[in-house]
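**Student:** Let me begin by handing over the structure; questions about it come next.
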Amino acid sequence: MNEIKYILAAVLLIGGAARAAELSESGEMLDGIAAVVNEGVVLKSQLYKDTATIIARAREQKMQLPPENILQEQVLERLILEELQLQRAARIGLQVSDQMLNQAIASVAQQNNIPFERLPEVLAEDGISYADYRRDTRKQLTLDQLRRIEVIGRISVAPREIQQCLDNLEDNVVVNSEYDLAHILVSIPESATGEQIGAAEIEAKDVYRQLLLGADFSEMAIRHSDSQTSLEGGQLGWLKGDQLPTMFYKVVGDLQVGEVSEPIRTVSGFHIVRVNNSRGTDQRSEIEQVSVRHILITPNEIIDDQTAKQRLDDARSQITEGADFGELAKLISDDPGSANNGGEMGWTGPGTFVPEFEQVANTAEIGVVSEPFRSRFGWHILEVLDRRTYDNTEDLKEETCDLQIRNSKLANESEIWQRRIRDEAYVEIRM
C-alpha cells in the first residue's frame, strides 16, 4: 500500500518540516493556524504533515522538487481549497454513511489483498491510526460527492456533439492509442482582466521555454501548476485516446514521447501537456449477453419475507403446469420497469444486474424457470430466454464519445469551479 508507506515516511520527515511550529514552555509541540478560511482554519500540523508526505513520495519516485517554501505554498493552497469544499459540503448537508464508508474501505483492502478485518492491524504496523484512516477516507468520499453534484452533474452532452465525435473516430491514430500524460496549468481567474490573462500567458510561455531547455517537468508542475495534480508532478497516468479531454486530444497526436506542447489557451487558463509514453489499442469488443425475464415480489409491511417467497413458489408451479410467464409477471411482479413487458428485461451484458441476480442469470438453463432467490430488492424467479455473443464496438464508441466530451468539459469546469469558490472566500494566510 504505497500511500501507507508514504505516510510512514512522512512521519520521519515531520521533525524537519515542522521546525517552525511553536513549542510550549515544557517543550511540547503546539499546533498553530496556517490559514483562516471563512469560518474554518487550516492547521500548521496538517500543512507540515502533507508537505512531508509529498517529500517522501518524491524521494521514493526520485522526483525533483522545488524549494521547500514554494512546495509549502502549493500544499497550503490545496488545503485551503479542500477546506472550502468541505465547508460547502456541510452547508448543503452532504453526509457519508458508515455503510458507504465501510464499502469504500473494504474495496481498498481487497485491492491490496488485505482481509478487511486485518486492515486496522496492517495500518497500525505502519504507524497509522485506523480512526484517522476512516476520517480521511470519509473526507475524500464527501469531496467526491460534492464534485459530482456541483461539477459533473451539471455537464450535459448534446446529440450533435456525440455525432461529431463519432464522425472523427474512424481511423484516428489518437483514438486508437493510449497515452501516459503529464500536465501543467497556469490558471486565470473566472473574470480575468486583460492584464491578468497577459501575466498568465507570460508565465506559461516561460515554463514552456524552461521545459525545452531541459527543466524537470515534475518540478515545474509542483512549482507553477494550479491543477489538482500539481503536487503529483502533474502526472495524469494512462488515458485512452478516445477519452482524452478535447484540449489534449488536439495536440497529443502531433507529439512524440517525451515532447511537450506549447501552452494551450482555454477558459480556465494555459495548459502544457507532456507525453510520457504511448501505445496502440484494439478497438473491437465483444461481450456475452443474456435475455432474461423475471418476476419480483418485494416484502413490505403486509407481505413478510416468507410470504413473498411462497408467492413465487406458487407462481413457478403454475408456470410449470402451463401458465404463461408473461401474463403472471404483468399480474404480480413488483418491478415497475419490466412488469408491463411480461417481465422481459431485454438483452443485457455483464454488470447490469446486482450480483445475486447475475449469478442465477449466468447459470440457469435456457427456458427453465429458476427456484425463488433473494436479492436486495426482494424475491425473484427468472427465466433465461436466450444467450448470445454481441459485438458492442459501436455501443462502446458512443459511450466513449459521451465520456470524452464530458471529460473535455470536466477539466475546465472543475478548474473554474475551484477558482470561483476560492475567489469568493475569505482567506487569511498566517505563515
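**Student:** Work out the charge dipole of the stretch 250-368 with +1 on the Cβ of Lys and Arg and -1 on the Cβ of Asp and Glu about the Cα centre, then indicate which of PRO355, VAL260, ILE302 is farthest towards its positive end.
**Tutor:** VAL260
**Student:** Could you list THR53, THR137 in order of exposure, starting from the residue whose Cβ has the fewest other Cβ atoms within 10 Å?
**Tutor:** THR137, THR53
**Student:** Then there is this: Arranged by the count of other C-beta atoms within 10 angstrom, fewest first, what order do THR320, THR266, THR298 take?
**Tutor:** If I rank by nearby Cβ atoms, fewest first, I get THR320, THR298, THR266.
**Student:** GluC sites (Glu not before Pro), restricted to the stretch 251-309: which are DSSP loop and have at most 15 other Cβ atoms within 10 Å?
**Tutor:** GLU259, GLU301
**Student:** Further, regarding this structure: Got a sec? How would SER156, SER291 order by Cβ neighbour count within 10 Å, fewest to most?
**Tutor:** Listed from fewest to most nearby Cβ atoms, that is SER156, SER291.
**Student:** Given +1 on the Cβ of Lys and Arg, -1 on the Cβ of Asp and Glu, and no further charges, what dipole in debye does the chain carry about its Cα centre, rounded to the nearest 20?
**Tutor:** 920 debye
**Student:** Please compare each pair in LYS205/LYS409; LYS62/LYS240; LYS44/LYS139; LYS44/LYS205 to a cut-off of 22 Å on the Cα-Cα distance and tell me which ones are over it.
**Tutor:** LYS205/LYS409; LYS62/LYS240; LYS44/LYS205
**Student:** When only Cα pairs under 8 Å and 6 or more residues apart are kept, what is the percent relative contact order across the chain?
**Tutor:** 18 percent
**Student:** Between VAL122 and GLU286, 0.36 nm times their residue separation minus their Cα-Cα distance comes to what?
**Tutor:** 55.0 nm
**Student:** For ASP305 paired with ASP167, estimate the spin-label separation in nm (one decimal), with each label point 7 Å from Cα along the Cα-to-Cβ line.
**Tutor:** 5.7 nm
**Student:** Putting +1 on Lys and Arg Cβ atoms and -1 on Asp and Glu Cβ atoms, find which of ALA411, THR400, GLY127 reaches farthest to the positive end of the dipole of the chain.
**Tutor:** Most positive-ward Cα: GLY127.
**Student:** Moving on to the next point. Have a look at ASN276, ILE152, PRO372 and report the one farthest towards the positive end of the charge dipole of the chain, computed about the Cα centre with Cβ charges (Lys/Arg +1, Asp/Glu -1).
**Tutor:** Most positive-ward Cα: ASN276.
**Student:** Something else: What FRET efficiency do you get for LYS330 and THR137 if R0 is 45 Å and r is their Cβ-Cβ distance, rounded to the nearest 0.05?
**Tutor:** 0.50
**Student:** In whole Å, largest first, what are the principal axis extents of the Cα atoms in the chain?
**Tutor:** Extents along the principal axes, in whole Å: 83, 62, 38.
Since every read-out is calculated from the coordinates, none of them should be taken as a lab result. Because the structure is predicted, anything quoted here is derived from the model rather than measured. For neighbour counting, all protein chains shown are included, and Cβ atoms are generated from backbone atoms with ideal geometry for every residue, glycine included.
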